[in-house]
Amino acid sequence: MNIRRIAINTGGGDAPGLNAVIRAATLTALENGWEVLGIRRGYMGLLHDEVDGEPGMVPLSAERVRGITHLGGTILGTTARGNLFGLEVRQSDGTWGDRDPSADIMGRFAEMEIDALIAIGGDGSLKIAHRLFLKGLRVVGVPKTIDNDLSATDMTFGFQTAVDVATEAIGRLHSTAEAHQRVMVVQVMGRHTGWIALESGLAGGADVILIPEIPFSAERIAEKIMERDRARRRFSIVVIAEGAVPAGGLPSFVEGTGRYGGIGDRLAVELEALTGKDTRCLTLGHIQRGGSPVPYDRNLALRFGAAAVHAVERGNFGCMVGLQGNHVRSVPLGDAVTDIKRVPIDDEVVRTARRMGVSFGD
Ligand code: F6P
């Protein structure tokens, strides 16, 4: 189809690799002779001429995307809140309102003569992209989340970097745990799924891995710690996903917010009481999302960026690019945003860990 100008935006939490997607999509589109516009901070730059004192949209040239493959964050900025069809919409004065601006968005795309949008985002942002597609926007989605919990793609970029950071942290905690004969609880990200906890816990040699998919019992974890103690392994490392839940209990949130947090600290107090062992908790938080993407994430992100442009070339709108096996393919956005991808409780990695003596607290 006849494309002259496309736009790219990034929405939701950042993930290492976003800039690599922007670079690959831009360079591939420029090769086609297209013009590329970057929309700043999700859709804000489309709706407002200026965002934070800078133009809402930036022309993306080869020069503008030079040397960004290895950079974390996103050169376009992002908005973590931005449910355009629900409640939370950022107004021009910076406050959050509740007006549905989708008609304005569609109007702006027409006015700016933008032929297609490449929307890079997680679950929330891709749902928005899907809604815009249903309203007639030509859109291709690119999946992004460090949690790796989007269905329809085997892998999201950013995940391997997060696992790398968490594994390194677990490794460093081992020496202190051993020197002080302590229990160290490490809380990693993962609201609904335990992919980061599972992969970093296994790679880092954790003794206990707690994931949202397998409710845990503090007593069972204490038993495991004391069993190790009797075998003269007088320290233990417990890796816990922020969304992990005690059996029969509820997830833990930072008081007064909808944000996950606090489960590691709560568990540390409980384990200290149950085992009598000195216990500390470390919450890794956003350090897992920051910094330079590992090579795997860079390459996956570059492949996704190029594939998104190929989908635009083919007129394959309303799709999301994703990894299936070792192939980048496109799947309907509608399918991609319906289910989240949880760790199956009989997952081969879970079974491998169990057979090596790792406890899942159940
Ligand atoms: O979905 C990615 C993620 O990093 C989650 O693992 C985490 O709970 C959440 O985002 C944190 O979001 P925010 O940046 O809004 O604190």
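The values are calculated or read from the model by the stated rules, or taken from the named source; none is laboratory data. Computed from a predicted model, the values in this text were never measured in an experiment. Note: ideal-geometry Cβ built from the backbone for every residue, glycine included; neighbour counts use all protein chains shown. All accessible areas refer to the heavy atoms of the entire protein, side chains included, with ligands and DNA or RNA removed. Shrake-Rupley method; radii C 1.70, N 1.55, O 1.52, S 1.80 Å.
Among the residues of the stretch 203-224, write down those that are under 14 Å from residue 183 (Cα atoms) and buried (at least 24 other Cβ atoms within 10 Å of the Cβ). Give the steps one after another, and end with the answer.
First pass over the stretch 203-224, keeping only residues under 14 Å from residue 183 (Cα atoms): 205-209, 218, 221-224.
Answer for the stretch 203-224, where residues must be under 14 Å from residue 183 (Cα atoms) and buried (at least 24 other Cβ atoms within 10 Å of the Cβ): 206, 208, 209, 221.
Within the stretch 262-362, considering only helices (runs of 4 or more DSSP H) that don't extend past its boundaries, which have at least 1 residues that are more than 29 Å from residue 170 (Cα to Cα)?
Working: elements: 263-275, 295-314, 333-336, 348-355.
Filter on the stretch 262-362 gives 295-314, 333-336.
Number of residues in the stretch 39-51 that are assigned to a strand (DSSP E or B), surrounded by fewer than 24 Cβ atoms within 10 Å (Cβ to Cβ) and touching a residue at least 24 places away in the same chain (Cβ under 8 Å) equals 1. The residues of the stretch 123-138 that are surrounded by 24 or more Cβ atoms within 10 Å (Cβ to Cβ) and either in contact with a Lys or Arg (Cβ under 6 Å, 6 or more places away or on another chain) or farther than 11 Å from residue 318 by Cα (or both), listed by number, are 125, 128. Residues in the stretch 15-51 that are more than 25 Å from residue 146 (Cβ to Cβ) and modelled with pLDDT of 95 or more: 29, 30, 31, 32, 33, 34, 35, 36, 37.
Restricting 340, 287 to those that are open to solvent by 70 Å² or more (accessible area, probe 1.4 Å), of a type outside the set (Gly, Ala, Ser), more than 22 Å from residue 116 (Cα to Cα) and within 16 Å of the ligand (Cβ to nearest atom) reduces the list to 287.
Quick one: how many residues across the stretch 144-161 are within 13 Å of the ligand (Cβ to nearest atom) and closer than 23 Å to residue 129 by Cβ?
Within the stretch 144-161, the first condition is being within 13 Å of the ligand (Cβ to nearest atom), and the residues that meet it are 144-150, 156-159, 161.
Filter once more, so that each one left must be closer than 23 Å to residue 129 by Cβ: 144-150, 156-159.
Result for the stretch 144-161: 11.
What about residue 276, is it open to solvent by 50 Å² or more (accessible area, probe 1.4 Å), more than 17 Å from the chain's Cα centre (by Cα), of a type in the set (Gly, Ala, Ser) and on the phi > 0 side of the Ramachandran plot? Yes, satisfied. For residue 82, state whether it is open to solvent by 20 Å² or more (accessible area, probe 1.4 Å), within 16 Å of the ligand (Cβ to nearest atom) and either modelled with pLDDT under 95 or of a type in the set (A, V, I, L, M) (or both). So residue 82 fits the description; yes.
Looking at 220, 234, which is the one that is out of contact with any Asp or Glu (no Cβ under 7 Å at 6 or more places or on another chain) and of a type in the set (Lys, Arg)? Give the steps one after another, and end with the answer.
Values: 220 fails: out of contact with any Asp or Glu (no Cβ under 7 Å at 6 or more places or on another chain).
The match here is 234.
Restricting to the stretch 290-301, and then to whatever is surrounded by fewer than 22 Cβ atoms within 10 Å (Cβ to Cβ) and not β-branched (Val, Ile, Thr), can you tell me which residue is nearest to residue 133 (Cα to Cα)?
Taking the stretch 290-301 first, the residues surrounded by fewer than 22 Cβ atoms within 10 Å (Cβ to Cβ) are 290-292, 294-296, 299.
Subset that is not β-branched (Val, Ile, Thr): 290-292, 295-296, 299.
Details: 290: 31, 291: 32, 292: 32, 295: 32, 296: 30, 299: 27 Å.
The residue in question is 299.
Only one entry of 166, 177 meets the criterion of being within 15 Å of the ligand (Cβ to nearest atom), at pLDDT 95 or above, not aromatic (Phe, Trp, Tyr) and not assigned by TED's automatic domain parsing to the domain that holds residue 70, and that entry is 166.
Here are some residues: 12, 67. Which one is at pLDDT 95 or above and part of a loop (DSSP other than H, G, I, E, B)? Break it down stepwise before answering.
Values: 12 fails: at pLDDT 95 or above.
Of the residues listed, the single one that is at pLDDT 95 or above and part of a loop (DSSP other than H, G, I, E, B) is 67.
Restricted to the stretch 139-157, and to residues there that are of a type in the set (A, V, I, L, M) and open to solvent by 20 Å² or more (accessible area, probe 1.4 Å), the residue that is nearest to residue 303 (Cα to Cα) is 155. I need the full set of residues from the stretch 15-36 which are touching a helix residue (DSSP H, G or I) at 6+ places or on another chain (Cβ under 9 Å), open to solvent by 10 Å² or more (accessible area, probe 1.4 Å) and either outside any helix (DSSP H, G or I) or on the phi > 0 side of the Ramachandran plot (or both), in order please. Residues satisfying the conditions are 32, 34, 35.
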